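Here is the structure we will look at, set down as structure tokens.
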Amino acid sequence: MVRRMATALVAAAVSASVLAVAGPAYADPGPNEGHHPGPDPKITSIVVNPNQVVLKHRHDSETVSVTVRGVDLKSAQVYFVPKGHHWDGGGHGDGDHGGNGPWGKKDDEKTPAPEYKPIWFSENFSKTIGWKDAVGSWSVRVVAWGVDGRKVFGDSSFFVKHHTWTPPKSPKATRFVGFDASPEPVKQGRKLSLQGRLQVAQCYGDHYYKYDRARVELDGYPSADNCYESRKYWHGWYRLGWQDIDVYFLPKGSHKWRYVDTIETNPDGTFYTKVKALKSGTWGVRFEGTRDLAGSEAYDYVKVVKK
């Protein structure tokens, strides 16, 4: 009887040790299970709006907004730096005094909490860009501090340009108006009167333009591509005085112009001269033009009859 009881006690003891080993497999989850293991600071996105700033006038300005999003961050700083400039190192974000700025030494010290859930971060920044600010590419650089003290970095960009009208290098258009060789017909050996007026094209503001047949074009003008007489910024034609004009004659049946004389326009752009009529043909006046003035020509055919 004593032996049977001893055997029963040994069996009970073995069963109890097995349960003790197996027990933890069914225990409740520990305090960190099911949670974020610790802070992991990251910048998840940098949204820049607009990504292109276009200024049309000297008094224009536009605000660039930057939204920084991340996880496990407690703060952030945005630096706006035009291409070719440097960080100021002072945390203001738009200086030009050298220094390492946000790309200075990294702070690797951290004190992770024993239990942590992710913290989602979002903050907005802005900068107003004016006419005097640099044109071209700008860097948007972000330095952020994690809740554990670490620094993380991000980078984006935007572009600044001025949409202005620059007077084209083409010279101003000129034209002859009212050119007339008279009388017509004329008796052989008599004098012909050549007269007319030389004018220069103008738009409001006296800008430069180029002549293309029946129109004057303003390259890059903000309001429109072409300067027609019907457009509101068209001014008209203006007198062009004190300019040399060459007189030529093309005899009937010939293909070669003959130089006759050089005359000068009056202050109001008018000109007048007399020539001797010997043969039927075309009389022409030609303004050679200058660096700033385009050349122009005018013609009139006159029939010469015998006395």
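The values are calculated or read from the model by the stated rules, or taken from the named source; none is laboratory data. A quick note: this is a predicted structure, and the numbers were derived from the prediction, not measured. Note: ideal-geometry Cβ built from the backbone for every residue, glycine included; neighbour counts use all protein chains shown.
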Suppose we filter Glu217, Glu288 for residues that are modelled with pLDDT under 95, of a type in the set (Asp, Glu) and closer than 30 Å to Val186 by Cβ; which single one remains?
Glu288
Taking the conditions exactly as written (in contact with a Ser or Thr (Cβ under 9 Å, 6 or more places away or on another chain) and closer than 21 Å to Val143 by Cβ), does Lys42 satisfy them or not?
no
Given the structure, is Asp148 of a type in the set (D, E, K, R), at pLDDT below 85 and either over 30 Å from Leu278 (Cα atoms) or surrounded by 12 or more Cβ atoms within 10 Å (Cβ to Cβ) (or both)?
no
Taking segment 177-197 and keeping only residues that are touching a residue at least 12 places away in the same chain (Cβ under 8 Å) and farther than 30 Å from Tyr238 by Cβ, one is left with Pro185, Val186, Lys187, Gln188, Gly189, Arg190, Lys191
Would you pick out the residues in segment 246-266 that are loosely packed, with under 15 Cβ neighbours inside 10 Å and among the aromatic types (Phe, Trp, Tyr)?
Tyr259
Test result for Gly241, over 28 Å from the mean Cα position of the chain (by Cα), in the same structural domain as Gly178 (by TED's automatic domain parsing) and either modelled with pLDDT of 80 or more or on the phi < 0 side of the Ramachandran plot (or both)
yes
Would you be able to say whether some residue in segment 23-40 is outside any strand (DSSP E or B) and either β-branched (Val, Ile, Thr) or at pLDDT 90 or above (or both)?
no
Go through segment 183-209 and give me each residue that's hydroxyl-bearing (Ser, Thr, Tyr) and modelled with pLDDT under 95.
Tyr204, Tyr208, Tyr209
Those residues of segment 266-290 which are in contact with a Lys or Arg (Cβ under 8 Å, 6 or more places away or on another chain) and part of a loop (DSSP other than H, G, I, E, B), in sequence order:
Pro267, Asp268, Gly269, Ala277, Lys279, Ser280
For residues in segment 291-307 being outside any loop (DSSP other than H, G, I, E, B) and closer than 19 Å to Lys172 by Cα, which is nearest to the chain's Cα centre (by Cα)?
Leu293
Considering each residue of segment 287-307, count those that are within 23 Å of Pro183 (Cβ to Cβ) and either among the charged types (D, E, K, R) or surrounded by 12 or more Cβ atoms within 10 Å (Cβ to Cβ) (or both), and give that number.
10
